[in-house]
2 protein chains.
Amino acid sequence: MELDLLIQNCDVLTVEVAPEGPQVRFRPGMDIGVQGARVVAVEPTGTLRPRPATQVISGDRRLAIPGLINTHAHVPMVLFRGLAEDVTIEAWFNDYIWPLESNLTPEDVYWGALLGIAEMIEAGITCVADHYFAMDQVAQAVVESGIRANLVWAVFGHQGPEMLDRTCEFVERWQGQADGRITAWLGPHAPYTCPPDFLRLAAERARELGVGIHIHVAETREQVQRSLEQHGRTPIQLLADTQILERPTLLAHCLYPQEEDYPLLQAADTGIAHAPKTYLKLGMGTAPLARFWELDIPVGLATDGAVSSNTLDILEQLRLMALAQKDAVQDPTAMPVAQALAIAFQGSARVVHQADALGHLAPGGLADIVLLRQDGVHVTPRHDPGANLIYSARAADVDTVIVHGRVLLQEGRLLTIDKARVQAEVARRLARLAQRVPGRRIATYPA
Amino acid sequence: MELDLLIQNCDVLTVEVAPEGPQVRFRPGMDIGVQGARVVAVEPTGTLRPRPATQVISGDRRLAIPGLINTHAHVPMVLFRGLAEDVTIEAWFNDYIWPLESNLTPEDVYWGALLGIAEMIEAGITCVADHYFAMDQVAQAVVESGIRANLVWAVFGHQGPEMLDRTCEFVERWQGQADGRITAWLGPHAPYTCPPDFLRLAAERARELGVGIHIHVAETREQVQRSLEQHGRTPIQLLADTQILERPTLLAHCLYPQEEDYPLLQAADTGIAHAPKTYLKLGMGTAPLARFWELDIPVGLATDGAVSSNTLDILEQLRLMALAQKDAVQDPTAMPVAQALAIAFQGSARVVHQADALGHLAPGGLADIVLLRQDGVHVTPRHDPGANLIYSARAADVDTVIVHGRVLLQEGRLLTIDKARVQAEVARRLARLAQRVPGRRIATYPA
């Protein structure tokens, strides 16, 4: 086999999702062979032979897992990390985020995207679904950094159809770029910021372009209540009414589906991005993950933006998801190890609509692979490698990150991003970016 | 000033607890001078001069905080990390922990203690209140590693007064050892495992020895209910009735105080160890921290044992405390940054009954100091250093750890523990330690 990349003697941890339930599969002492952008073999160590040109990476004392997927983020918001602490959701939007975002230039977004992507790669994230604006700059950062991305240019109803059309042009410019690492969709912000006619138009544009839609929905009880009062419909019913749910969709958060929404979600080609750190920090409650699981509605893990979650760290979100679910039902047997990992791996791959290619680390899949160091005292002993990954490992254990067959991080060193340059560029923008000008904001959250 | 140790040009983050509420105090560009075991000066950089024999540590791009205190742990349980996942509390005790602990030899406890202390030092923990058995071995590990500790030898009622007396002998052997780094108290396990007469005897022994008592109490609603049924008294009333609360006490968990318990807690010389990861993971609910705060009942942070919390990481517990409290009351303004840090610093110092010496990083206090790297992309930018510490920093950022004026960790390298040796010793014990022999356990949790 003519391998381009060979990882030798790693332990491999994946999840097998069988009808009787998910099972953690742990295979010590394995080789992983990569040709181009794809995994071609996962075999006991010593089986695969490098040719002279093969890049060989030692997997000694390393755990290989499928590349982690961040199913919903606003990556450039790392620029505002720590600027909106201990405030209500209304204040968070109206007094902090949306005024702060009015300061952003496209160049700011570019440097913010690189800063956030650096954090994600260091944390073992190989693919991100990003929902922001000035997205050409984010796409450029994706090209340069080597990460995989599903990108949408966020648009609010008050910006009108012209702005929606500009986000369609973004899709046409970037679809399939970067050797196929970039997927571009449409990103109407939410049913509470886009009226039904605007959502209908977005669905029509998505159909014309043959793309999906990434949208926030049903984040709080109040949003659902307001939707029922204003429209006589739940937010998810509005998505169905406006044909949004006839497209492939990625629904961010969806904490409060109503009983009548479940059949709509089951019938749709959809997935839910779950970002528990934001929900805990903003006191939002949590999503009915057990119900989603039972109905086979796909759920994946997300970081959301760093102004609510303060990190872009999927291992942390994985841990918080499991802890928060056990807490919510006050049952320590809820969300067991294998189920949590199935959500992180296969679930997230389904949510970004790449279930065939990502999340399983098997021949034929894309070569998005993470190696974690296993020699830390905090992950010793290793009675249960799956539990260690969820409850003991941390982002700093990530040693090697491979995306699309290319090594982006090796022995903890970023190979594609000049961190010092990025940090210097960010530093000189901070004073300007942190200003909040009274009355100036990009949108208004309805009270 | 004749300095033994000088940290140059660090940023210093502490909390000032004023009557109007706690305030984060951030001072960039400071020097910290140490003489012997004590901090003697915290001054703008350049003010303090080293003598030839002064050990100088660069604080460039480092954040200095008071050494983190772990107010309740079972350190050697790291040996069982990952062995009791996704099980009920009853099964956790009766089918896992107590059978597993019947395998332990004193030598196992020694190596387990060193493994756990290594994890704690790497995570910036400078002091631990440990509640376990074979405690001479733990004390030996404390001596060798250089950490500070409050140690108790756990005892159950069914082991009888003879065993209680043996734990008193432990106190006499170890009180004030290791240059005063070791404090030894008594450790009757809990009101649900020690009958009132036994608790009364423990209180009497503690009075005779002039020491405090570290005990589990009111961990679950069921424990409180059972206590009311069996004794007509809450678990905390039992502690008062049996004179336990007339001693200095450290109460682990205390999730379910009843209304009649609050005056007892306020009147006592006590503090509560709060370990939120265990509570989330075992679906136990959480403690009324807002009420404790309002009544000025001291609360500190704890890891509990690694079989429930999977890590010995106080930064993680700090983050989870704040997130869980905001979640519990569904209010993002609850447990603001300064309050969470006041609990981690001064609160924990009060809980281990060393409020004068620890938790404030000021002249006159003990030199227990942690430096964290501040150049990671995940803590960039630094709009709010306090929020970054709680919500973005991680144990792996810990760079330097000083206890009692001695450097235990420098640039991430442990200076006092041979990690490879410890890991090898642990590895060869695992197969034996992981066995569960039907019917063999050290105690029984009442169903």
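The values are calculated or read from the model by the stated rules, or taken from the named source; none is laboratory data. Note that the coordinates shown come from a computational prediction; the quantities given were computed from them, not determined experimentally. Counting neighbours? That spans all protein chains shown, and the Cβs are built from the backbone with ideal geometry, glycine included. Side chains included, ligands, DNA and RNA excluded: accessible areas come from the protein's heavy atoms. Shrake-Rupley method; radii C 1.70, N 1.55, O 1.52, S 1.80 Å.
Quick one: if you stick a label point 7 Å off each Cα along the C-beta vector at A:Leu295 and B:His158, how many nm between them? My value for the distance between the label points is 4.7 nm.
Each Cα pair under 8 Å and six or more residues apart adds its separation to the average, and for chain A the resulting relative contact order is 23 percent. Note that chain A shows a convex hull volume over its alpha carbon atoms of 139 Å³ per residue.
Compute the label-point distances linking A:Glu260 to its equivalents in the other copies; points lie 7 Å from Cα along Cα→Cβ; give nm, one decimal, shortest first. For A:Glu260, the inter-copy label distances come out at 5.1 nm. Rg over Rh for the stretch A:350-438 works out to 1.12, using Cα positions for both radii and the Kirkwood form for Rh.
What does DSSP give for chain B in terms of the percent of beta bridges that are antiparallel, rounded to the nearest 5? So the antiparallel bridges amount to about 45 percent of the total. For chain B, the mean residue ellipticity at 222 nm estimated from helices alone is -9000 deg cm²/dmol, where every DSSP H run of n ≥ 4 contributes -39500 (n - 2.57) and the total is divided by all residues, rounded to the nearest 500. Our analysis of the stretch B:138-280 gives Rg over Rh at 0.98, with the two radii drawn from alpha carbon positions and Rh computed by the Kirkwood formula. Peptide B:75-82 is shielded by partner chain Cβ atoms: per residue, an average of 4 of them sit within 10 Å of its Cβ. The same position A:Gly21 in the other copies lies at 4.6 nm from this copy, comparing label points 7 Å beyond Cα toward the beta-carbon, shortest first. Quick note on the stretch A:1-95: its Rg to Rh ratio, both from C-alpha atoms and Rh being the Kirkwood radius, is 1.23. Across the stretch B:119-221 the C-alpha pair distances fall into 5 Å bins from zero in the proportions 2, 13, 25, 22, 16, 12, 7, 2, 0 percent.
Between B:Met1 and B:Ala355, the C-beta separation translates, for a Förster distance of 25 Å, into a calculated FRET efficiency of about 0.45. The alpha carbons of the protein assembly as shown stretch over 84, 62, 59 Å along the principal axes, in descending order. Convex hull volume of the Cα atoms of the stretch A:55-206, normalised per residue: 137 Å³. Between B:Gln225 and B:Arg166, the modelled label-to-label distance comes to 3.6 nm, taking each label 7 Å out from Cα in the direction of the beta carbon. Each residue was assigned an accessible area with a 1.4 Å probe, and for A:Met1 the value is about 140 Å². For the protein assembly as shown, lysine pairs separated by 8 or more sequence positions, or belonging to different chains, with Cα-Cα distances below 22 Å total 13.
Translational diffusion coefficient of the stretch B:161-214 (Stokes-Einstein, Kirkwood radius from Cα pairs, 37 °C, 0.692 mPa s): 287 µm²/s.
Scaled against the 2.2 N^0.38 Å expected of a compact globular protein of N residues, the Cα radius of gyration of the stretch A:241-295 reads 1.17. Whole-percent P(r), the stretch A:53-135, all Cα pairs, 10 Å bins from 0: 15, 37, 28, 13, 7, 1. The tail of the calculated P(r) for the stretch B:269-337 beyond 14 Å holds 58 percent of all Cα-Cα pairs. Per residue, the convex hull around the alpha carbon atoms of the stretch A:373-417 comes to 85 Å³.
Computed with every protein chain present, the accessible area of A:Tyr445 is close to 10 Å² [probe 1.4 Å]. A viscosity of 0.890 mPa s and a temperature of 25 °C, combined with the Kirkwood radius over C-alpha pairs in the Stokes-Einstein formula, give the stretch A:75-114 a diffusion coefficient of 232 µm²/s. Each other copy places its own label point for A:Glu246 at 8.1 nm from this one, sorted shortest first, where the point lies 7 Å along the Cα-to-beta carbon line.
Nearest beta carbon of chain A to the A-to-B rotation axis, with distance in whole angstrom: A:Ala396, 2.
The modelled label-to-label distance for the pair B:Thr105/B:Phe26, using points 7 Å beyond Cα in the direction of Cβ, is 5.2 nm.
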